[in-house]
């Protein structure tokens, strides 16, 4: 995100007894929610309001970062209003912003996350002209009705009358547009209709999340706000300011004799399920910490810009690359919340004297249980039945029991061993295992048979993967391996994205080379690839470790490592040499 992105809030004067800009929702004016979303969109520094509504202008004057564009000519069309506004914005900034996020001041359900994701999409997908919010439902104006093609893009290739296909319409409560297109008159006439095309990406939102046009909409909007972290006393954006206040207090109580030790916490959420990690940090008088202010997985350049002054990093799965570490001039410790290390350049860290620790045991119970859940779902079609029922289809899926299956486990370490133990209660017909570190005594005690990976591919009904991402396991499963599997085989991956070649998996599932797959981890996250087109691929969003107890344990263990380092005590979970060797061979 950069300064070439701007946000423009629009609001025209309405002669009505119902003031849809200043009407209070949970004690705040309607438009204040729109202002909050704009003001808290990361790295969008330029926000403008174009309005002839006195009430709305009065509210905006209280926000220093909102620039006022005086609306002289009333009654302009939307495309005309945008063109006039962009020309004025260009005069103010001295350059033409590349993208403009258009908000309406009576749309309180637009969030900063939605804005940020929309801008990010436009930056990463230059072939698109716009991002526009849409709803799933019919619409009285046929020109605004559309469907989605398998990639999730807009299509108008079918007739809507009496169609059983799902239909949508653009509500345009949020639009992110290329400013050059507007100035070049691309959208001069029939503005909304001309947005409808292959180069428009729709953000589908829940039906019933509207603009505020009528008083009867207030209860439903307030319900939505309450569900999304708003109340009379707080908003989702208060967390950042609260953290800054905590840091300020720590600076006041710190002593001159001790240098402040600065800790950046990038993994989110953090300290929300269990506050003990924050309590431990607060008990150290000379620690100053900051929790990821963007509140999502950081991108490489964002972490590089942020990391410079910090002594320690409590890290998630964001890329901690050579480029990032070259900017980490004070960094002494990376304390990883979790077990995977493929996102950390261990060799460069070691060269520069940066210690790396992790929490290898904490996530294992949760990941193992999620794996069992995926096995059961794949065998019984639980999520498929759920989707059918919600669509009005009563269809009883004919499934399989674990007791009738051959289960293959590739990787029998911390997590794979737990999966092996859990399976004992289901009495599979056979369990086949493979691991680099063979342990026949363990396998014998759990009725498992050691064999090659190829034999597992050929014989197992269910194959579950529990290996780290290394040079030897990247693309472990390609079309070659998938062709060895039974047509009835089910493939489970809760380990790491990149173990399975996603393009090859798509081919295998689409051509029914195997029956199904269940995937929790992806090469690029959040995942937005073509596997979602397939009904025989089931998903969770990298949530293997996300149970209250395991997540809390991961956070507290990572935090205690930082405190041990600060107090010059031995660390308990330093990354072993074999992990460095794995990266050396990549």
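The values are calculated or read from the model by the stated rules, or taken from the named source; none is laboratory data. Computed from a predicted model, the values in this text were never measured in an experiment. Please note: Cβ atoms are built from the backbone with ideal geometry, for glycine as well, and neighbour counts cover all protein chains shown.
A residue that is under 25 Å from residue 349 (Cβ atoms), surrounded by fewer than 18 Cβ atoms within 10 Å (Cβ to Cβ), modelled with pLDDT of 90 or more and assigned by TED's automatic domain parsing to the domain that holds residue 267 occurs somewhere in the range 554-567.
Do the conditions hold for residue 187, that is, is it under 27 Å from residue 128 (Cβ atoms), modelled with pLDDT under 70 and touching a helix residue (DSSP H, G or I) at 6+ places or on another chain (Cβ under 8 Å)? Judged against the criteria, residue 187 is a match.
There is at least one residue in the range 101-114 that is under 33 Å from the mean Cα position of the chain (by Cα), over 23 Å from residue 295 (Cα atoms), assigned by TED's automatic domain parsing to the domain that holds residue 168 and assigned to a loop (DSSP other than H, G, I, E, B).
Among helices (runs of 4 or more DSSP H) entirely within the range 295-368, having at least 3 residues that are free of Cβ contacts under 8 Å to residues at least 40 places away in the same chain, within 17 Å of residue 581 (Cα to Cα) and outside the structural domain of residue 524 (by TED's automatic domain parsing) singles out 346-351. Scanning the range 438-474 for residues that are within 20 Å of residue 494 (Cα to Cα) and in contact with a strand residue (DSSP E or B) (Cβ under 8 Å, 6 or more places away or on another chain) returns 453, 456, 457, 460, 461, 462, 463, 464, 465, 466, 467. Scanning the range 11-30 for residues that are closer than 24 Å to residue 87 by Cβ and surrounded by 23 or more Cβ atoms within 10 Å (Cβ to Cβ) yields a count of 1.
To keep it simple, each residue is scored yes or no on (1) touching a helix residue (DSSP H, G or I) at 6+ places or on another chain (Cβ under 9 Å); (2) surrounded by 16 or more Cβ atoms within 10 Å (Cβ to Cβ).
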residue: 81; (1), (2): no, yes
residue: 90; (1), (2): yes, no
residue: 96; (1), (2): yes, no
residue: 101; (1), (2): yes, yes
residue: 105; (1), (2): yes, yes
residue: 111; (1), (2): yes, yes
residue: 119; (1), (2): no, yes
residue: 122; (1), (2): no, yes
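Every condition in (1) surrounded by fewer than 16 Cβ atoms within 10 Å (Cβ to Cβ); (2) in contact (Cβ under 8 Å) with a residue 24 or more places away in the chain; (3) touching a helix residue (DSSP H, G or I) at 6+ places or on another chain (Cβ under 8 Å) is met by residue 488 except one, and the failing one is (3).
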